Amino acid sequence: RQGHCCTVVAPVTIWDKLRFGHLGLRRENENVERSGAMVRVRRPRIVTASSFRFGRLNLVEVSDHTFARAVMRELAGLAADIDLIYAHFFYPSGRAAATCSRIFRLPFFVAHGDDDIDEWYLDKGAGHFKDVAGVVAVSQKNRRFCEGVFGLDAGKVAVFPNGIDRRLFFQRDRMVAR
């Protein structure tokens, strides 16, 4: 919305058809008003499994694998147009971004907001993120988590708290607002 064109790759599980009755378009473009930018949205279909555990095996690995492969296939067709990779969460998108970053030799960034990272991922180790170019954390607590648990350098983690633009959102008379 700031005048930059971007591509969003958002894999969609085939099971969403049962839940919602449809899966949405595989590909669509959105022209952003006033900026002239375009947002390309890609929704590759993936098969996911539950996070059921059999001893050391967690079926979420199947889901994460199909997620990463779908992202990789989409990025392969766009590689010449890509400057960087951004993942909205550490898992599974950040892990997929780390893999794609190595393959396509592009910097990657991850956001750490209100996502709850399963202990199972943490037990597997945080080595996936050693080459991250930067992390956007929404709080000092999340920054400390990234530095302490993932061992990231303080210079790679920036805090941008969630918030609102008080010039646009402020208390006003309900009748006037309607």
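Using only side-chain charges placed at the Cβ, +1 for Lys and Arg and -1 for Asp and Glu, the dipole size of the range 47-145 relative to its Cα centre rounds to 300 debye.
For the chain, the Kirkwood estimate of hydrodynamic radius, built from reciprocal distances between every pair of different alpha carbons, is 18.4 Å.
Ranked from the most accessible area to the least, with a 1.4 Å probe and all protein chains present, what is the order of Trp15, Trp120?
Numbers: Trp15 115, Trp120 25 Å².
Of Trp15, Trp120, the descending order of accessible area is Trp15, Trp120.
Could you state the accessible area per residue of the range 20-178 in Å², with a 1.4 Å probe and every protein chain left in place? Please report the intermediate quantities before stating the final value.
On the way: 10590 Å² over 159 residues.
About 67 Å² of surface per residue is accessible.
Considering all alpha-carbon pairs of the range 66-127, what whole percent are spaced by more than 17 angstrom? Across the range 66-127, Cα pairs with separations above 17 Å total 39 percent. Taking the accessible area of the range 1-68, probe 1.4 Å, and keeping the other protein chains in place, the carbon and sulfur fraction comes to 56%. Extension gain for Asp81 to Val62 (0.36 nm times residue separation, less C-alpha to C-alpha distance): 3.9 nm.
When the solvent-accessible area of the range 118-178 is split by element, carbon and sulfur atoms take up 52 percent of it, the probe being 1.4 Å. Sorting 102-115, 148-161, 60-73, 28-41 by average packing, meaning the other beta carbons within 10 Å per residue, from highest down gives 60-73, 102-115, 148-161, 28-41. Taken along its principal axes, the alpha carbon cloud of the range 34-97 reaches lengths of 52, 20, 18 Å, longest axis first. Model label points for Arg69 and Cys5, set 7 angstrom from Cα along the Cα-to-Cβ axis, are 3.1 nm apart. Across all directions, the average flat footprint of the convex hull enclosing the Cα atoms of the range 1-60 is 5.7 nm².
Stokes-Einstein, applied to the Kirkwood radius of the range 77-161 over Cα pairs at a viscosity of 0.890 mPa s and 25 °C, places its translational diffusion at 190 µm² s⁻¹.
The values are calculated or read from the model by the stated rules, or taken from the named source; none is laboratory data. Here the structure is a predicted model, which means the values were calculated and not measured. Here the Cβ is made from the backbone with ideal geometry for all residues, glycine too, and neighbour counts use every protein chain on show. Keep in mind that these areas ignore ligands, DNA and RNA; they rest on the heavy atoms of the full protein, side chains included. Shrake-Rupley method; radii C 1.70, N 1.55, O 1.52, S 1.80 Å.
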